[in-house]
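The values are calculated or read from the model by the stated rules, or taken from the named source; none is laboratory data. This structure is a prediction, so every number in the text was calculated from the model and none was measured. Quick reminder, even Gly has a Cβ in these numbers, built from the backbone with ideal geometry, and neighbours come from all protein chains shown.
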Amino acid sequence: MVFEPVIGLEVHVQLNTVTKIFCSCATRFGSPSNTQTCPVCLGLPGVLPVLNEEVLRKGVSAGLALNATIANYSKFDRKNYFYPDLPKAYQISQYDKPICTNGSIEITVEGKTRQIGITRLHLEEDAGKLIHDERNRERVSMVDLNRAGVPLVEIVSEPDLRSGDEAYEYLQKIKTVMKYIDASDVNMEEGSLRCDVNISVRQKGAQEFGQKVEIKNLNSFKAVRASINYEIERQIASIESGERIRQETRLWDDGKNVTYSMREKEFAHDYRYFPEPDLPPIVLTDEYIQGIRASLPELPDDRKRRFVTQYGLPEYDARVLTSEKGLADYFESAIGAGSDPKRASNWIMSEVLAVTDADHIHECAVDPARLAGLLRLIEEGTISGKIAKTVFQEMLTTGRDAAAIVEEKGLMQISDRGAIEAVIDSVIAANQKSVEDYKGGKEKALKFLIGQIMKETRGAANPAMVQDLLLQKLK
Amino acid sequence: MKQRITLKEGTALLASRKASSREIVTALLERIESLDGSINSFITVQREELLRQAEESDRRRAAGAPLSPCDGIPVAVKDNIITRNVRTTCGSRILEHFVPPFDAAVCRRLAGAGLLLLGKTNMDEFAMGSSTETSFFGPTRNPYDRERVPGGSSGGSAAAVAAAMAPAALGSDTGGSIRQPAAFCGVSGIKPTYGRVSRYGLVAYASSLDQIGTFGATVEDAALLLSLICGGDPGDSTSVERPVDFMPEDLTGELKGMRIGVPEEYFQGVSAEIVERIRERIGRLEKRGAVIVPISLRYTEYAIPVYYLIATAEASSNLARYDGVRYGYRDGEARSLTELYTLSRSRGFGKEIKRRIILGTFSLSSGYYDAYYLKALKGRRLIIDDFRRAFESADVIVAPVTTTTAFKIGEMIDDPLQMYMSDILTISANLAGIPAMSVPAGLSSSGLPVGMQVMGDHFREKVILNVARAIEEDGEPIAPRL
């Protein structure tokens, strides 16, 4: 039997607003516990939420960037449950009228491009964090409410994903898009992106879904991919051995690389959603939505397509270069400073990305203008591509311009016909034996002579000119 | 000094330097000392702090810089309104020792005008009740007859004003909690339009119905205090800024040509004596030149089920935060998280609270939501439409406030359904969000106050206060014999 996995992801992305969703407390990560709290996010009696307009703006931006429909009318609801990290014992979220629906993103895996549907995107507040510790040999649990009220968007995908690799690419794409529009820092370590997986397998070609299993406790994109791969194998093996898949929540064990069943739920959760009476409905005009659309930067897919058509880059180059907004900006700045697109693309992908991360490229000592300066020296024939790599290393450590380094170290390529001819003449005079060998048909001798000429010029002679002139003289 | 000092009189005394804030405060504290042992209006009075603040006010006035004409007048505040550094109990064991670190928006406004906090008044636990009997701090007694209830849930505020222990007071009204005690205690009480006063710092019972309002010994006082607390607040997204057009000089009692609607539904199941009294008072309004218009509020009978579904649903969520984790009562016997929740809440909340939490939890539960909560929202819409139609033919609506005069303590407490039914005449105004008030219409044959209700369209406080002013002028002032 051939099986097909069906995967949907629920992704929580923390919006990178300066203040929380319903109060003016800071959202900084890593501050001492409970220092970024106020009566509102502590859920003291009598307090009321007030929606942070920046959250609304970033939420709408996120929806637009994911090609979703923005609702003219949406509302907040209360999701009721008891837990010590939830100070009001309800989370303000959106239930039946989310702010965005019906979006999609494009992913490419092994050269195959697919559209992945996004069911909905909604706004909600984060809960606090429990810290478990031991004090005087007693186990204690403490609550840190710095994170309570931090704004989140929950992005729910359609069950369109078919492999761990696709899920991985989907997450990468969400990360790319969120960073492009500056909606989130998307850092899984700091919890600004969290992901739960829903997965089932079915016989290939079947219309109905198999029994779904939820996977939680996923701390990295790699864990998401690995857990899906594991779970696909486990579910297929179960079905093939005649077992039934149970509806359950499983946790990922990053050390053992397995999923395991979470303690069986004692009863199904009934969150008793109802409209949040303390917040008026969110009514957005078309003008407001258009205004945000107009303010969005060019999105990665559009930019990739433009890189192909405008700069004639291969699809692969365009995809790599647009995977981070900063990287694409870096590339275009170099082009703006006069570089040839393909040469710049090659240099960025092979040299620049070898020494810096794409998302820290703005910190690279060789900024786009300096890189363009270096590439110009190659194009003008001042230095060879090989020398340029040495110069690039020097630029990284000193932060200086390529021209200055080349000048100071005498690395200029010799393209002066007279100077090169003088060296050729002296090399021919000193190596008559090799000249004879070449004329006698030994090709190897030519290589030797070129090597001697390059040695005399300490590698600075223009190699193409050396070859041309030497051949003329040997005729 | 006179036994009763109204807000208006106190302001005049201070302006003419016939009395200092300290003298007014001292007189009121003495009156509380001598009377409140038997009435139990106040849960908390911070005597020393109050005197200190009165002296500060006197210094401001002496320096020629009072914050407002009312600077130095103390008012009582219902104990579900958050007061910084003064414990705020909501009449509940679960918040018995809760001292908030912030002030409600209304308290900031009062302080900004130099008014002082006289004390925190008793109430039905979390404002759930119609008699102030469900308070953890014991029942408040009606100043007209101490065997009787003052009404509720703002019974402490109403009784304090009725007994002249407070010049005026703040209360809250979710289903009649200002108007019904105002009627039972013979004072004026107004629930303004939903949104007129910020709810920031009002401990929520039912968020879509709760509204802070005022009590005064006179209509003018209730209006004056309301003018000091109302206005839009960025801290409450449901509040709105509207001009204050109901200052004392706006309230002329002039009714010529005003269309006064009388809904027949509001006279059914009401005691004969109250019906007679209200009709007689309507006659007097007609003599002033008002046009009496019979109207119908035909969905009134659904108000009780609609209200008790919506209010309890919201309450079940609003009161979930009292879990023993961060503040409030935490049961010492708890050995697990679940026990911490169940024991703290079982022992911290009174019976009526738990009854309503269970009702609300049930109606929001999956499988019941559509049949109860959603249906109640539709019913609410019908009641709103009822009023919209009514205000096409009437400028204002008058009716009784209660079906009976103040009942005896213990008479209804074991019959919750009967107690819920007694709210029938007041809850529709909350469901529709319209302003409504109760103004005294004299005493019954047994010497108990009768209240008359005036309701207006959204933000038409001026109209209802003006009609209330006329009703007040049409009768003799009443006061309990103390």
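Please verify whether B:Leu95 is within 14 Å of chain A (Cβ to nearest Cβ) and surrounded by 24 or more Cβ atoms within 10 Å (Cβ to Cβ), treating the condition exactly as stated. In short, yes. Residue count for region B:336-356, restricted to those that are free of Cβ contacts under 8 Å to residues at least 60 places away in the same chain, at the interface with chain A (Cβ under 10 Å from one of its Cβ atoms) and in contact with a Lys or Arg (Cβ under 9 Å, 6 or more places away or on another chain): 1. Of everything listed in (1) surrounded by fewer than 16 Cβ atoms within 10 Å (Cβ to Cβ); (2) of a type in the set (S, T, N, Q); (3) outside any loop (DSSP other than H, G, I, E, B), the single unmet condition for A:Asn219 is (3). For region B:174-190, the count of residues that are basic (Lys, Arg), crowded, with 23+ Cβ neighbours inside 10 Å and within 14 Å of another protein chain (Cβ to nearest Cβ) is zero.
Would you mention how many residues in region A:346-361 are touching a Gly at 6+ places or on another chain (Cβ under 9 Å) and loosely packed, with under 14 Cβ neighbours inside 10 Å? Explain how you work it out, then say what you get.
Taking region A:346-361 and keeping what is touching a Gly at 6+ places or on another chain (Cβ under 9 Å), we get A:358-361.
Among the residues that remain, those that are also loosely packed, with under 14 Cβ neighbours inside 10 Å are: A:360.
The qualifying residues number 1.
Scanning region A:89-119 for residues that are surrounded by 20 or more Cβ atoms within 10 Å (Cβ to Cβ), more than 18 Å from A:Lys175 (Cβ to Cβ) and β-branched (Val, Ile, Thr) returns A:Ile92, A:Ile99. Out of everything in region B:74-92 that is within 13 Å of another protein chain (Cβ to nearest Cβ) and either farther than 26 Å from B:Arg347 by Cα or surrounded by fewer than 19 Cβ atoms within 10 Å (Cβ to Cβ) (or both), what residue ends up being nearest to the chain's Cα centre (by Cα)? Within region B:74-92, the match that is nearest to the chain's Cα centre (by Cα) is B:Val77. The single residue among A:Arg303, A:Arg246, A:Arg293 that is out of contact with any helix residue (DSSP H, G or I) (no Cβ under 7 Å at 6 or more places or on another chain), away from chain B (no Cβ under 14 Å) and of a type outside the set (A, V, I, L, M, F, W, C) turns out to be A:Arg246. Which of the residues belonging to region B:395-410 are charged (D, E, K, R) and under 17 Å from B:Pro449 (Cβ atoms)? Once the filter is applied, which keeps residues that are charged (D, E, K, R) and under 17 Å from B:Pro449 (Cβ atoms), region B:395-410 yields only B:Lys408. If you check A:Ile348 against the conditions, is it in contact (Cβ under 8 Å) with a residue 40 or more places away in the chain, β-branched (Val, Ile, Thr) and either assigned to a helix (DSSP H, G or I) or closer than 23 Å to A:Lys179 by Cβ (or both)? Answer is no for this residue.
For region A:271-290, the set of residues classified as within 14 Å of chain B (Cβ to nearest Cβ), out of contact with any strand residue (DSSP E or B) (no Cβ under 8 Å at 6 or more places or on another chain) and surrounded by fewer than 17 Cβ atoms within 10 Å (Cβ to Cβ) consists of A:Pro280 only. Can you tell me which of A:Asp270, A:Asp278 is in the same structural domain as A:Ala167 (by TED's automatic domain parsing), within 30 Å of B:Thr174 (Cα to Cα), acidic (Asp, Glu) and at pLDDT below 95? Of A:Asp270, A:Asp278, the one residue that is in the same structural domain as A:Ala167 (by TED's automatic domain parsing), within 30 Å of B:Thr174 (Cα to Cα), acidic (Asp, Glu) and at pLDDT below 95 is A:Asp270.
For region B:11-18, check the following and say yes or no: at least one residue is in a loop (DSSP other than H, G, I, E, B), of a type in the set (Lys, Arg) and over 22 Å from the mean Cα position of the chain (by Cα). Scanning region B:11-18, I find at least one residue that is in a loop (DSSP other than H, G, I, E, B), of a type in the set (Lys, Arg) and over 22 Å from the mean Cα position of the chain (by Cα), so the answer is yes. Could you check, for region A:47-60, whether at least one of its residues is surrounded by 23 or more Cβ atoms within 10 Å (Cβ to Cβ), within 14 Å of chain B (Cβ to nearest Cβ), touching a residue at least 60 places away in the same chain (Cβ under 8 Å) and out of contact with any strand residue (DSSP E or B) (no Cβ under 8 Å at 6 or more places or on another chain)? Yes, because at least one residue in region A:47-60 is surrounded by 23 or more Cβ atoms within 10 Å (Cβ to Cβ), within 14 Å of chain B (Cβ to nearest Cβ), touching a residue at least 60 places away in the same chain (Cβ under 8 Å) and out of contact with any strand residue (DSSP E or B) (no Cβ under 8 Å at 6 or more places or on another chain).
Exactly one residue out of B:Asp71, B:Asp103 is in contact with a Ser or Thr (Cβ under 7 Å, 6 or more places away or on another chain), surrounded by fewer than 23 Cβ atoms within 10 Å (Cβ to Cβ), within 14 Å of chain A (Cβ to nearest Cβ) and in a loop (DSSP other than H, G, I, E, B), and it is B:Asp103. Could you list all residues from region B:306-323 that are under 24 Å from A:Asp85 (Cβ atoms) and either at the interface with chain A (Cβ under 10 Å from one of its Cβ atoms) or of a type outside the set (Gly, Ala, Ser) (or both)? If the condition is that a residue be under 24 Å from A:Asp85 (Cβ atoms) and either at the interface with chain A (Cβ under 10 Å from one of its Cβ atoms) or of a type outside the set (Gly, Ala, Ser) (or both), then B:Glu314, B:Ser316, B:Ser317, B:Asn318, B:Leu319, B:Ala320, B:Arg321, B:Tyr322, B:Asp323 are the ones that fit. Could you tell me how many of the residues in region A:1-26 are buried (at least 22 other Cβ atoms within 10 Å of the Cβ) and among the β-branched types (Val, Ile, Thr)? Number satisfying all stated conditions: 4. Hey, does region A:27-34 have a residue that's under 32 Å from the mean Cα position of the chain (by Cα), farther than 28 Å from A:Arg162 by Cα, away from every other protein chain (no Cβ under 13 Å) and aromatic (Phe, Trp, Tyr)? The answer is yes; a qualifying residue exists. Residues that are away from chain B (no Cβ under 14 Å) number at least 1 in the following strands (runs of 3 or more DSSP E) confined to region A:74-147: A:100-109, A:112-125, A:129-135.
Just one residue in the set B:Glu241, B:Glu265, B:Glu254 is away from chain A (no Cβ under 14 Å), surrounded by fewer than 24 Cβ atoms within 10 Å (Cβ to Cβ) and touching a Ser or Thr at 6+ places or on another chain (Cβ under 7 Å); that residue is B:Glu265.
Within region A:226-241, residues that are assigned by TED's automatic domain parsing to the domain that holds A:Asp254 have Cβ atoms under 8 Å from residues that are crowded, with 18+ Cβ neighbours inside 10 Å and among the charged types (D, E, K, R) in these pairs: A:Glu231/A:Arg250, counting only partners at least 6 apart in sequence or on another chain.
Pairs are defined by a Cβ separation below 7 Å, a sequence spacing of at least 6 or placement on different chains, a first member in region A:206-225 that is of a type in the set (Phe, Trp, Tyr), and a second member that is surrounded by fewer than 16 Cβ atoms within 10 Å (Cβ to Cβ); the pairs so defined are A:Phe221/A:Gln172.
Put simply, of B:Leu110, B:Leu118 the only residue that is farther than 23 Å from B:Ser38 by Cβ, away from chain A (no Cβ under 14 Å), touching a residue at least 60 places away in the same chain (Cβ under 8 Å) and outside any loop (DSSP other than H, G, I, E, B) is B:Leu110. Among residues of region B:230-286 being in a loop (DSSP other than H, G, I, E, B) and among the hydroxyl-bearing types (Ser, Thr, Tyr), the one that is modelled with the lowest pLDDT is B:Thr252. With respect to (1) β-branched (Val, Ile, Thr); (2) assigned to a loop (DSSP other than H, G, I, E, B); (3) within 10 Å of chain B (Cβ to nearest Cβ); (4) crowded, with 23+ Cβ neighbours inside 10 Å, the lone exception for A:Val40 is condition (2). The set of residues from region B:264-292 being among the basic types (Lys, Arg) and under 22 Å from B:Ile424 (Cβ atoms) comprises B:Arg277, B:Arg279, B:Arg281.
Tallying residues that are of a type in the set (Ser, Thr, Tyr), under 27 Å from B:Ala315 (Cβ atoms) and more than 14 Å from chain A (Cβ to nearest Cβ) within region B:202-229 yields 1.
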